[in-house]
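Before any comments, here is the structure.
The values are calculated or read from the model by the stated rules, or taken from the named source; none is laboratory data. Quick caveat, the model's predicted, so the values are computed rather than measured. Using ideal geometry, Cβ is built from the backbone for each residue, glycine included, and neighbour counts are taken over all protein chains shown. Side chains are part of the model used for accessible areas, which takes the heavy atoms of the whole protein and leaves out ligands, DNA and RNA. Shrake-Rupley method; radii C 1.70, N 1.55, O 1.52, S 1.80 Å.
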Protein chains: 2
Amino acid sequence: MAYHLLQRDQAGAGELAHAIMTALATLKHCQLCNTFTESDICEICADENRTHEQLCVVEMPTDLLMVEHTLAYHGLYFVLMGRLSPLDGIGPKDIAFSRLLERASDGIVKEVILSTNFTVEGEATAHYLAEMLRARGLTVSRIARGLPVGGELEHADPSTLAQALVERRTLTG
Amino acid sequence: MAYHLLQRDQAGAGELAHAIMTALATLKHCQLCNTFTESDICEICADENRTHEQLCVVEMPTDLLMVEHTLAYHGLYFVLMGRLSPLDGIGPKDIAFSRLLERASDGIVKEVILSTNFTVEGEATAHYLAEMLRARGLTVSRIARGLPVGGELEHADPSTLAQALVERRTLTG
(Lines give C-alpha, C1' and ligand atoms only; values in the text may rest on other atoms or scores of the structure.)
Protein backbone atom coordinates (compact mmCIF):
# COMPACT_ATOMS: atom_id res chain seq x y z
CA MET A 1 0.00 0.00 0.00
CA ALA A 2 2.84 2.35 0.90
CA TYR A 3 4.60 1.83 -2.47
CA HIS A 4 1.36 2.19 -4.41
CA LEU A 5 0.62 5.54 -2.75
CA LEU A 6 4.14 6.95 -3.10
CA GLN A 7 4.56 5.82 -6.73
CA ARG A 8 1.12 6.61 -8.13
CA ASP A 9 -0.88 8.81 -5.80
CA GLN A 10 1.23 11.21 -3.79
CA ALA A 11 -1.73 13.54 -3.23
CA GLY A 12 -3.68 10.60 -1.79
CA ALA A 13 -0.72 9.74 0.43
CA GLY A 14 -0.82 13.28 1.83
CA GLU A 15 -4.55 13.03 2.47
CA LEU A 16 -4.14 9.68 4.19
CA ALA A 17 -1.38 11.03 6.43
CA HIS A 18 -3.53 14.02 7.28
CA ALA A 19 -6.55 11.84 8.06
CA ILE A 20 -4.51 9.62 10.37
CA MET A 21 -3.03 12.67 12.14
CA THR A 22 -6.53 14.11 12.63
CA ALA A 23 -7.84 10.81 13.97
CA LEU A 24 -4.91 10.54 16.38
CA ALA A 25 -5.50 14.10 17.59
CA THR A 26 -9.27 13.87 18.05
CA LEU A 27 -9.73 10.24 19.09
CA LYS A 28 -10.80 9.67 22.69
CA HIS A 29 -12.34 6.84 24.67
CA CYS A 30 -16.05 7.02 25.49
CA GLN A 31 -16.41 7.87 29.19
CA LEU A 32 -19.09 5.21 29.55
CA CYS A 33 -18.17 2.28 27.33
CA ASN A 34 -14.46 2.94 26.66
CA THR A 35 -14.69 2.50 22.87
CA PHE A 36 -13.15 4.97 20.36
CA THR A 37 -15.15 8.15 19.88
CA GLU A 38 -14.57 11.80 19.02
CA SER A 39 -16.96 13.11 21.69
CA ASP A 40 -17.07 12.46 25.43
CA ILE A 41 -19.90 9.94 25.10
CA CYS A 42 -20.14 7.71 21.99
CA GLU A 43 -23.23 7.55 19.77
CA ILE A 44 -24.32 4.16 21.10
CA CYS A 45 -24.15 5.16 24.78
CA ALA A 46 -25.98 8.40 23.96
CA ASP A 47 -28.80 6.55 22.17
CA GLU A 48 -31.85 6.63 24.43
CA ASN A 49 -33.68 4.01 22.39
CA ARG A 50 -31.28 1.27 23.45
CA THR A 51 -31.78 -1.00 26.46
CA HIS A 52 -29.70 0.41 29.31
CA GLU A 53 -30.10 -2.74 31.41
CA GLN A 54 -27.77 -4.92 29.33
CA LEU A 55 -24.03 -4.48 29.04
CA CYS A 56 -22.15 -6.49 26.41
CA VAL A 57 -18.45 -6.79 27.31
CA VAL A 58 -16.07 -7.14 24.34
CA GLU A 59 -12.31 -7.07 24.01
CA MET A 60 -11.80 -4.47 21.25
CA PRO A 61 -13.76 -1.80 19.33
CA THR A 62 -13.75 -4.08 16.24
CA ASP A 63 -15.62 -6.71 18.29
CA LEU A 64 -18.24 -4.08 19.16
CA LEU A 65 -18.70 -3.44 15.43
CA MET A 66 -19.15 -7.17 14.76
CA VAL A 67 -21.92 -7.39 17.36
CA GLU A 68 -23.56 -4.24 15.96
CA HIS A 69 -23.53 -5.80 12.47
CA THR A 70 -25.68 -8.67 13.69
CA LEU A 71 -28.55 -6.19 14.36
CA ALA A 72 -29.55 -8.64 17.12
CA TYR A 73 -28.39 -6.65 20.14
CA HIS A 74 -29.97 -3.46 21.45
CA GLY A 75 -28.22 -2.96 24.77
CA LEU A 76 -25.04 -1.06 25.61
CA TYR A 77 -21.38 -2.09 25.54
CA PHE A 78 -18.18 -2.00 27.50
CA VAL A 79 -14.88 -2.32 25.63
CA LEU A 80 -12.01 -3.73 27.69
CA MET A 81 -9.35 -2.61 25.17
CA GLY A 82 -7.54 -5.87 25.77
CA ARG A 83 -7.69 -9.20 27.54
CA LEU A 84 -5.93 -10.98 30.39
CA SER A 85 -2.73 -12.47 29.08
CA PRO A 86 -0.31 -13.51 31.85
CA LEU A 87 2.27 -14.77 29.33
CA ASP A 88 2.51 -11.23 27.91
CA GLY A 89 2.49 -9.73 31.39
CA ILE A 90 -1.03 -8.31 31.00
CA GLY A 91 -2.90 -8.63 34.29
CA PRO A 92 -6.20 -7.26 35.65
CA LYS A 93 -4.65 -3.84 36.37
CA ASP A 94 -3.62 -3.33 32.74
CA ILE A 95 -7.19 -3.62 31.47
CA ALA A 96 -10.18 -1.40 32.29
CA PHE A 97 -11.57 -3.89 34.86
CA SER A 98 -12.18 -1.38 37.65
CA ARG A 99 -13.93 0.97 35.22
CA LEU A 100 -16.15 -1.92 34.08
CA LEU A 101 -17.05 -2.80 37.68
CA GLU A 102 -17.92 0.83 38.37
CA ARG A 103 -19.92 1.07 35.12
CA ALA A 104 -21.85 -2.15 35.80
CA SER A 105 -22.69 -1.05 39.35
CA ASP A 106 -24.66 2.01 38.26
CA GLY A 107 -27.92 0.49 39.51
CA ILE A 108 -29.45 0.41 36.02
CA VAL A 109 -27.44 -2.44 34.46
CA LYS A 110 -29.05 -5.80 35.28
CA GLU A 111 -27.20 -8.23 33.04
CA VAL A 112 -23.61 -8.33 31.86
CA ILE A 113 -23.09 -10.42 28.71
CA LEU A 114 -19.47 -11.57 28.49
CA SER A 115 -18.58 -11.59 24.79
CA THR A 116 -14.83 -11.98 24.91
CA ASN A 117 -13.33 -14.37 22.36
CA PHE A 118 -13.27 -18.14 22.90
CA THR A 119 -9.48 -18.12 22.89
CA VAL A 120 -7.54 -19.11 26.01
CA GLU A 121 -7.04 -15.43 26.95
CA GLY A 122 -10.67 -14.49 26.22
CA GLU A 123 -11.95 -17.40 28.31
CA ALA A 124 -9.67 -16.53 31.23
CA THR A 125 -10.88 -12.93 31.06
CA ALA A 126 -14.52 -14.06 31.06
CA HIS A 127 -14.01 -16.35 34.08
CA TYR A 128 -12.24 -13.62 36.03
CA LEU A 129 -14.92 -11.03 35.23
CA ALA A 130 -17.78 -13.44 35.97
CA GLU A 131 -16.48 -14.00 39.50
CA MET A 132 -16.20 -10.30 40.24
CA LEU A 133 -19.50 -9.29 38.65
CA ARG A 134 -21.54 -12.07 40.25
CA ALA A 135 -20.14 -11.05 43.65
CA ARG A 136 -21.89 -7.72 43.08
CA GLY A 137 -25.26 -9.34 42.53
CA LEU A 138 -25.35 -8.89 38.75
CA THR A 139 -26.68 -11.50 36.32
CA VAL A 140 -23.73 -12.63 34.23
CA SER A 141 -24.07 -14.53 30.97
CA ARG A 142 -21.68 -15.84 28.31
CA ILE A 143 -22.34 -15.98 24.57
CA ALA A 144 -22.98 -19.50 23.33
CA ARG A 145 -20.40 -21.91 22.04
CA GLY A 146 -21.38 -24.55 19.52
CA LEU A 147 -21.94 -25.30 15.86
CA PRO A 148 -22.25 -22.37 13.44
CA VAL A 149 -25.55 -21.50 11.77
CA GLY A 150 -25.85 -23.72 8.69
CA GLY A 151 -23.23 -26.03 10.16
CA GLU A 152 -23.07 -29.80 9.71
CA LEU A 153 -21.75 -32.31 12.22
CA GLU A 154 -19.56 -33.84 9.54
CA HIS A 155 -17.55 -30.61 9.19
CA ALA A 156 -17.34 -29.64 12.85
CA ASP A 157 -14.09 -30.02 14.77
CA PRO A 158 -14.31 -32.49 17.68
CA SER A 159 -13.81 -29.86 20.43
CA THR A 160 -16.62 -27.68 19.12
CA LEU A 161 -18.96 -30.65 18.71
CA ALA A 162 -18.12 -31.80 22.24
CA GLN A 163 -18.96 -28.32 23.58
CA ALA A 164 -22.17 -28.23 21.54
CA LEU A 165 -23.21 -31.48 23.23
CA VAL A 166 -22.21 -30.38 26.73
CA GLU A 167 -23.94 -27.01 26.36
CA ARG A 168 -27.08 -28.39 24.72
CA ARG A 169 -30.30 -26.55 25.45
CA THR A 170 -33.43 -28.22 26.77
CA LEU A 171 -36.32 -27.38 24.44
CA THR A 172 -39.53 -26.21 26.03
CA GLY A 173 -42.87 -25.61 24.38
CA MET B 1 -9.12 -43.42 -8.18
CA ALA B 2 -10.70 -45.73 -10.75
CA TYR B 3 -7.94 -45.01 -13.35
CA HIS B 4 -5.20 -45.39 -10.76
CA LEU B 5 -6.48 -48.81 -9.73
CA LEU B 6 -7.06 -50.08 -13.27
CA GLN B 7 -3.72 -48.79 -14.61
CA ARG B 8 -1.40 -49.65 -11.71
CA ASP B 9 -3.03 -52.00 -9.27
CA GLN B 10 -5.44 -54.44 -10.88
CA ALA B 11 -5.10 -56.88 -7.99
CA GLY B 12 -6.05 -54.07 -5.59
CA ALA B 13 -9.03 -53.23 -7.79
CA GLY B 14 -10.22 -56.79 -7.49
CA GLU B 15 -9.82 -56.72 -3.70
CA LEU B 16 -11.71 -53.44 -3.48
CA ALA B 17 -14.57 -54.79 -5.59
CA HIS B 18 -14.71 -57.89 -3.42
CA ALA B 19 -14.70 -55.84 -0.21
CA ILE B 20 -17.56 -53.66 -1.44
CA MET B 21 -19.56 -56.73 -2.53
CA THR B 22 -19.03 -58.31 0.90
CA ALA B 23 -20.06 -55.11 2.67
CA LEU B 24 -23.19 -54.86 0.53
CA ALA B 25 -24.08 -58.49 1.25
CA THR B 26 -23.52 -58.40 5.02
CA LEU B 27 -24.51 -54.83 5.90
CA LYS B 28 -27.68 -54.46 7.96
CA HIS B 29 -29.25 -51.78 10.09
CA CYS B 30 -29.01 -52.10 13.89
CA GLN B 31 -32.43 -53.09 15.23
CA LEU B 32 -32.11 -50.54 18.01
CA CYS B 33 -30.31 -47.49 16.61
CA ASN B 34 -30.68 -48.02 12.85
CA THR B 35 -26.98 -47.45 12.05
CA PHE B 36 -24.95 -49.73 9.77
CA THR B 37 -23.84 -52.96 11.39
CA GLU B 38 -23.06 -56.56 10.47
CA SER B 39 -24.93 -58.03 13.45
CA ASP B 40 -28.49 -57.53 14.64
CA ILE B 41 -27.48 -55.11 17.37
CA CYS B 42 -24.48 -52.79 16.83
CA GLU B 43 -21.50 -52.61 19.19
CA ILE B 44 -22.58 -49.32 20.73
CA CYS B 45 -26.14 -50.46 21.54
CA ALA B 46 -24.75 -53.71 22.96
CA ASP B 47 -22.29 -51.89 25.25
CA GLU B 48 -23.62 -52.15 28.80
CA ASN B 49 -21.22 -49.51 30.10
CA ARG B 50 -22.99 -46.72 28.21
CA THR B 51 -25.80 -44.60 29.61
CA HIS B 52 -29.07 -46.07 28.34
CA GLU B 53 -31.07 -43.00 29.43
CA GLN B 54 -29.77 -40.68 26.70
CA LEU B 55 -30.53 -40.99 23.02
CA CYS B 56 -28.59 -38.82 20.57
CA VAL B 57 -30.49 -38.46 17.28
CA VAL B 58 -28.32 -37.91 14.18
CA GLU B 59 -29.05 -37.85 10.48
CA MET B 60 -26.48 -40.31 9.12
CA PRO B 61 -23.99 -42.97 10.35
CA THR B 62 -21.10 -40.56 9.58
CA ASP B 63 -22.62 -38.08 12.07
CA LEU B 64 -22.66 -40.82 14.70
CA LEU B 65 -18.93 -41.34 14.07
CA MET B 66 -18.28 -37.59 14.47
CA VAL B 67 -20.01 -37.58 17.86
CA GLU B 68 -18.10 -40.72 18.92
CA HIS B 69 -14.79 -39.03 17.98
CA THR B 70 -15.46 -36.25 20.51
CA LEU B 71 -15.24 -38.84 23.34
CA ALA B 72 -17.68 -36.54 25.16
CA TYR B 73 -20.84 -38.61 24.81
CA HIS B 74 -21.56 -41.88 26.58
CA GLY B 75 -25.21 -42.45 25.79
CA LEU B 76 -26.87 -44.30 22.90
CA TYR B 77 -27.83 -43.16 19.40
CA PHE B 78 -30.60 -43.23 16.88
CA VAL B 79 -29.75 -42.75 13.20
CA LEU B 80 -32.58 -41.33 11.07
CA MET B 81 -30.86 -42.27 7.77
CA GLY B 82 -32.05 -38.97 6.33
CA ARG B 83 -33.80 -35.70 7.12
CA LEU B 84 -37.06 -33.99 6.30
CA SER B 85 -36.75 -32.32 2.91
CA PRO B 86 -40.12 -31.32 1.42
CA LEU B 87 -38.46 -29.88 -1.70
CA ASP B 88 -37.04 -33.33 -2.49
CA GLY B 89 -40.34 -34.99 -1.57
CA ILE B 90 -38.95 -36.51 1.64
CA GLY B 91 -41.60 -36.39 4.36
CA PRO B 92 -41.93 -37.92 7.85
CA LYS B 93 -42.96 -41.29 6.42
CA ASP B 94 -39.75 -41.62 4.39
CA ILE B 95 -37.56 -41.41 7.49
CA ALA B 96 -37.44 -43.74 10.49
CA PHE B 97 -39.58 -41.41 12.64
CA SER B 98 -42.01 -44.02 13.90
CA ARG B 99 -39.13 -46.36 14.79
CA LEU B 100 -37.50 -43.50 16.74
CA LEU B 101 -40.74 -42.79 18.64
CA GLU B 102 -41.04 -46.46 19.52
CA ARG B 103 -37.36 -46.65 20.53
CA ALA B 104 -37.58 -43.51 22.71
CA SER B 105 -40.72 -44.76 24.45
CA ASP B 106 -39.03 -47.86 25.93
CA GLY B 107 -39.36 -46.47 29.47
CA ILE B 108 -35.57 -46.32 29.97
CA VAL B 109 -34.73 -43.35 27.73
CA LYS B 110 -35.16 -40.08 29.65
CA GLU B 111 -33.59 -37.51 27.33
CA VAL B 112 -33.47 -37.24 23.56
CA ILE B 113 -30.64 -35.03 22.26
CA LEU B 114 -31.49 -33.77 18.78
CA SER B 115 -28.18 -33.56 16.91
CA THR B 116 -29.36 -33.06 13.35
CA ASN B 117 -27.39 -30.53 11.31
CA PHE B 118 -28.04 -26.77 11.56
CA THR B 119 -29.09 -26.68 7.92
CA VAL B 120 -32.67 -25.76 6.96
CA GLU B 121 -33.60 -29.45 6.60
CA GLY B 122 -31.86 -30.46 9.83
CA GLU B 123 -33.57 -27.68 11.76
CA ALA B 124 -36.99 -28.58 10.34
CA THR B 125 -36.39 -32.21 11.29
CA ALA B 126 -35.40 -31.20 14.84
CA HIS B 127 -38.51 -29.01 15.28
CA TYR B 128 -40.81 -31.76 14.03
CA LEU B 129 -39.23 -34.40 16.26
CA ALA B 130 -39.20 -32.11 19.32
CA GLU B 131 -42.97 -31.64 19.08
CA MET B 132 -43.66 -35.36 18.85
CA LEU B 133 -41.17 -36.43 21.54
CA ARG B 134 -42.23 -33.78 24.05
CA ALA B 135 -45.84 -34.86 23.60
CA ARG B 136 -44.72 -38.23 24.99
CA GLY B 137 -43.29 -36.68 28.14
CA LEU B 138 -39.63 -37.01 27.18
CA THR B 139 -36.99 -34.36 27.88
CA VAL B 140 -35.84 -33.06 24.51
CA SER B 141 -32.66 -31.03 24.00
CA ARG B 142 -30.81 -29.56 21.04
CA ILE B 143 -27.04 -29.30 20.64
CA ALA B 144 -25.77 -25.74 21.04
CA ARG B 145 -25.33 -23.21 18.29
CA GLY B 146 -22.72 -20.50 18.63
CA LEU B 147 -19.07 -19.62 18.18
CA PRO B 148 -16.57 -22.46 17.68
CA VAL B 149 -14.04 -23.36 20.35
CA GLY B 150 -11.06 -21.02 19.88
CA GLY B 151 -13.28 -18.69 17.86
CA GLU B 152 -12.99 -14.91 17.74
CA LEU B 153 -15.86 -12.46 17.26
CA GLU B 154 -13.94 -10.78 14.47
CA HIS B 155 -14.06 -13.92 12.32
CA ALA B 156 -17.62 -15.04 13.11
CA ASP B 157 -20.37 -14.64 10.54
CA PRO B 158 -23.17 -12.28 11.65
CA SER B 159 -25.88 -15.00 11.84
CA THR B 160 -23.77 -17.21 14.08
CA LEU B 161 -22.80 -14.29 16.32
CA ALA B 162 -26.46 -13.24 16.56
CA GLN B 163 -27.41 -16.80 17.59
CA ALA B 164 -24.55 -16.92 20.10
CA LEU B 165 -25.98 -13.77 21.70
CA VAL B 166 -29.58 -14.98 21.68
CA GLU B 167 -28.63 -18.39 23.09
CA ARG B 168 -26.23 -17.02 25.71
CA ARG B 169 -25.94 -18.99 28.94
CA THR B 170 -26.41 -17.47 32.36
CA LEU B 171 -23.35 -18.29 34.45
CA THR B 172 -23.93 -19.61 37.93
CA GLY B 173 -21.40 -20.26 40.65
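Is region B:114-173 rounded, prolate or oblate when judged by the Cα gyration tensor, a ≥ b ≥ c being the square roots of its eigenvalues, rounded requiring a/c under 1.5 and prolate requiring a/b larger than b/c?
oblate
With the full set of protein chains in place, find how many percent of the accessible area of chain B is carbon and sulfur; take the probe as 1.4 Å.
That share works out to 56 percent.
For the rotation that superimposes chain B on chain A, which residue of B has the C-beta lying nearest to the axis, and at what distance in Å?
B:GLY146, 2
So what is the relative contact order for region A:50-145, in percent, with contacts set as C-alpha pairs under 8 Å and at least six apart?
Rounded, it is 31 percent for region A:50-145.
Taking the Cβ-Cβ separation of A:LYS110 and B:ALA135 as r and a Förster radius of 41 Å, what is the calculated FRET efficiency to the nearest 0.05?
About 0.70, to the nearest 0.05.
Within 10 Å of each Cβ of B:118-131, how many other protein chain Cβ atoms are there on average?
Averaged over the peptide's residues, the number is 2.
Using a 1.4 angstrom probe and counting only protein chains, how large is the accessible area of B:ILE20 in Å², to 10?
For B:ILE20, solvent-accessible area is about 90 Å².
Pick from B:THR26, B:THR70, B:THR160: which is most flexible by mean-square fluctuation in a GNM of chain B where alpha carbon atoms under 10 Å apart are linked?
B:THR160
Taking the Cα centre of the protein assembly as shown as origin, work out the dipole magnitude from +1 charges on Lys and Arg Cβ and -1 charges on Asp and Glu Cβ, in debye rounded to 20.
Value, rounded to 20: 700 debye.
Tally Lys and Arg at +1 and Asp and Glu at -1 over the other residues with C-beta under 10 Å from the C-beta of A:ALA104: what net charge comes out?
Counting the neighbours of A:ALA104, the net charge comes to +1.
Taking the label point 7 Å from Cα in the Cβ direction, how far apart in nm is B:GLU38 from each other copy of itself, listed shortest first?
Computed spacing set for this position: 7.3 nm.
For A:LEU6, go 7 angstrom from Cα along the Cα-to-Cβ vector, then report the distances to that same point in the other copies in nm, smallest first.
Spelled out, the distances from A:LEU6's label point are 6.0 nm.
Quick one: Karplus J couplings for region A:67-78, per residue in order, coefficients 6.51, -1.76, 1.60, θ = phi - 60°, nearest Hz, x for Gly and Pro?
5, 4, 5, 6, 6, 9, 10, 10, x, 9, 10, 9
What is the magnitude of the charge dipole of region A:1-121 about its Cα centre, with +1 placed on the Cβ of each Lys and Arg, -1 on the Cβ of each Asp and Glu, and no other charges, expressed in debye to the nearest 20?
About 200 debye.
Counting only other chains, and only Cβ atoms inside 10 Å, what mean value do you get across the residues of A:60-66?
3
Can you pull the Rg over Rh of the protein assembly as shown, Cα-only, Kirkwood?
1.10
Charges only on Cβ, +1 for Lys and Arg, -1 for Asp and Glu: so what's the dipole of region A:60-173 about the Cα centre, in debye to the nearest 20?
My answer is approximately 460 debye.
Taking R0 as 30 Å, what's the FRET efficiency between A:ASP157 and B:ALA23 from their Cβ-Cβ distance, rounded to 0.05?
0.60
Putting +1 on Lys and Arg Cβ atoms and -1 on Asp and Glu Cβ atoms, find which of A:GLN7, A:LEU100, A:THR37 reaches farthest to the positive end of the dipole of region A:1-107.
Checking the options against the dipole of region A:1-107, the answer is A:GLN7.
Just reorder B:LYS93, B:LYS110 by solvent-accessible area, largest first, 1.4 Å probe, all chains present.
B:LYS93, B:LYS110
State, to one decimal in nm and shortest first, how far the label point of A:HIS127 sits from each corresponding label point in the other identical copies (label point: 7 angstrom along Cα-to-Cβ).
3.9
What accessible area per residue comes out for chain A, rounded to a whole number of Å², with a 1.4 Å probe?
Computed with neighbouring chains in place, this is 55 Å² per residue.
5 Å is the cut-off here: which amide hydrogens, built 1.01 Å from N in the peptide plane, fall below it relative to A:THR35, excluding neighbours closer than 5 in sequence?
A:CYS30, A:VAL79
Return a whole-number percent for the relative contact order of chain B, with Cα pairs under 8 Å and 6 or more residues apart as the contact set.
Averaging sequence separation for qualifying contacts and normalising by length gives 15 percent for chain B.
Using a Gaussian network model on chain B with a 10 Å cutoff between Cα atoms, which of B:GLU154, B:GLU68, B:GLU59 fluctuates the most?
Looking only at B:GLU154, B:GLU68, B:GLU59, the largest GNM fluctuation is found for B:GLU154.
Under 25 Å from the Cα of B:LYS28, which lysines turn up, not counting those fewer than eight places away in the same chain?
B:LYS93
When the convex hull of the C-alpha atoms of region B:43-124 is computed, what volume per residue in Å³ does it have?
In region B:43-124, the Cα hull volume divided by residue count equals 96 Å³.
Enter the buried accessible area of the B/A pair, total of both sides, probe 1.4 Å, in Å² rounded to the nearest 100.
4500 Å²
Would you mind getting me the FRET efficiency between A:HIS4 and A:PHE36? Use the beta-carbon distance for r and R0 = 22 Å, nearest 0.05.
Calculated transfer efficiency: 0.25.
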